[in-house]
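A.B. asks: My structure is below; once you've seen it, I'll send some questions.
The values are calculated or read from the model by the stated rules, or taken from the named source; none is laboratory data. Predicted model only: the values in this text are computed from it and were never measured. Cβ: placed from backbone, ideal geometry, glycine included. Neighbour counts: every protein chain shown.
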Amino acid sequence: MNIDKKAKVIKECVDKRLNEIIGIGEDVYRHPEPGFAEKRTAKVAADQLKSLGYEVSFYEDIPAVTAYLDTKKPGPVIAVLGEMDCIICPEHPDSTKEGYVHACGHHIQLADMLGCAAVLKDSGLSNEMCGKIKFMAVPAEEHIQQEFRMDLVRQGKITFTGGKTELIYRGFFDDVDLAFMVHASDSKAKINFGKTCNGCLIKQISYKGKASHAGGAPDKGINALYAANLGLNAINAIRETFKDDDCIRVHPIITKGGDTVNTIPSEVNMGTYVRGKTLDAILDANKKVNRALAGSAAAIGCKVEIEDIPGYLPLASDQNLSDFALEAAKTLIGEDVEFTDHRGISTDMGDLSMIMPAIHPYIGGGSGGLHTVDFKVTNPKIAYGDGTAFLALTVYVLLADDGVRARKVIDEHVPYFKNKDELVRCIKNLSRIDTYPKRDILED
């Protein structure tokens, strides 16, 4: 395999398509859609793949798009992913009236995935590869609008609130041997590789007190807001018990603080994630958080309902897959590569990494910080051009030479779960609702 020669071919194909790839990304950027509502974005992806001659599967019951590039030679199946959903950041200058905006750069990675699909056809390099490439436009990576998603669960429209998790459950990855993508970033380097990311458990918390007139009869009320404030302070008081190596992050907000100023709040709602580097660390920290929340309710005489909702499992990048992707990256861009051992963020790519080899590298070209008011694309040549070329060359490196490198990745990978069913059972078992205290703590 002459990787330098193949990189040159891919770069030439990318250059010819660059304005088109940028145009796709900018179109998606102008029409942001949140998770499980990416209907227009999915149509953009489907139409682009169809225009390239792909046979496209477009799903009515979930915004997802799939298409295969079949080399007609037996071999591994590689999934190349592009996420479609936006975040909510009302302060961003490009946000919609609902606050929707692509301040996490998913418009970039989706365009890069579609660019990869074009370049692998244009270049003719698929003739030198084996197996299949499955291009996937996937929904709902950002865990926002939790109540909307829980309504979809209650209606039976989805089972899980994360996009890739739902697709795993539905069998979209049953024929896939390994998966990767490239995520936008504000990295100073062109490409950034990481080893691990935090997983997370999502918590919805509701303190139940008793309303009364705040001026005329405050003694007859039970102040749920005071209980919630105690809960926040109690969580802060236990932070030093979290082990540094576990990378625990707990970041609660109050989503409902009361109804009127002159009424003792009878219901106060909070939301938080409990993030950690391993599942065991998350569960251990979650017990401590629950104890803090329950104790604060008991102190005021309230009840607190705590609902745990599966978020995402920790991401563990496959080392062999990372090594081969790094080879492709350095061939394209030289040594302008960064390495991050661990990130505190969470992604549903973590769920996928629990059952197959997966990586989640980052492409530069952005600035301002992901999920912030300042995020924007400052170097489209890197974000779109280098991102597309990286995906395409990584696919080639893996599937050339009868797929010897992809086979090495697959054969040497040891998954956390033996199969999809084990993963699904674990995730489902994370769901629970409890009310504390079970009785007044002063009762015998």
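A.B. asks: Going by what's in this entry, would Arg30 be described as farther than 20 Å from Val138 by Cβ and touching a helix residue (DSSP H, G or I) at 6+ places or on another chain (Cβ under 6 Å)?
C.D. replies: no
A.B. asks: I would also like to ask the following. Restrict the check to segment 280-293 and report whether at least one residue is in contact with a Pro (Cβ under 6 Å, 6 or more places away or on another chain) and either among the aliphatic types (A, V, I, L, M) or not assigned by TED's automatic domain parsing to the domain that holds Ala140 (or both).
C.D. replies: In the first step, residues of segment 280-293 are kept if they are in contact with a Pro (Cβ under 6 Å, 6 or more places away or on another chain); the result is none.
No: zero hits.
Residues are listed down the side, and each one gets a yes or a no for (1) within 18 Å of Cys116 (Cβ to Cβ); (2) of a type in the set (A, V, I, L, M); (3) in the same structural domain as Lys157 (by TED's automatic domain parsing):
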position	(1), (2), (3)
Ile10	yes, yes, yes
Asn19	yes, no, yes
Val28	yes, yes, yes
Phe36	no, no, yes
Ala42	yes, yes, yes
Leu49	yes, yes, yes
Gly53	yes, no, yes
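A.B. asks: Further question: Select from segment 47-77 the residues that are buried (at least 21 other Cβ atoms within 10 Å of the Cβ) and small (Gly, Ala, Ser) and write down the one among them that is nearest to Lys164 (Cα to Cα).
C.D. replies: Ala64
A.B. asks: Within the set of pairs 6 or more residues apart or between chains, which connect a residue that is under 12 Å from Pro310 (Cβ atoms) inside segment 157-186 to a residue that is outside any helix (DSSP H, G or I) and among the aliphatic types (A, V, I, L, M) with Cβ atoms less than 6 Å apart?
C.D. replies: Once the first residue is under 12 Å from Pro310 (Cβ atoms) and sits in segment 157-186, its partners that are outside any helix (DSSP H, G or I) and among the aliphatic types (A, V, I, L, M) give Glu166/Ile158.
A.B. asks: Enumerate the pairs (first residue in segment 90-101 and assigned by TED's automatic domain parsing to the domain that holds Pro32 and within 13 Å of Arg30 (Cβ to Cβ); second residue anywhere and of a type in the set (D, E, K, R) and surrounded by fewer than 16 Cβ atoms within 10 Å (Cβ to Cβ)) with beta-carbon separation below 7 Å, excluding pairs fewer than 6 apart on the same chain, so at least 6 apart or on different chains.
C.D. replies: Here the result reads Val101/Asp94, each pair linking segment 90-101 to a residue that is of a type in the set (D, E, K, R) and surrounded by fewer than 16 Cβ atoms within 10 Å (Cβ to Cβ).
A.B. asks: Sticking with this structure for a sec: Which numbered condition in (1) among the hydrophobic types (A, V, I, L, M, F, W, C); (2) crowded, with 16+ Cβ neighbours inside 10 Å; (3) not assigned by TED's automatic domain parsing to the domain that holds Cys116 is the only one that Ile441 fails?
C.D. replies: Going through (1) among the hydrophobic types (A, V, I, L, M, F, W, C); (2) crowded, with 16+ Cβ neighbours inside 10 Å; (3) not assigned by TED's automatic domain parsing to the domain that holds Cys116 one by one, Ile441 breaks only (2).
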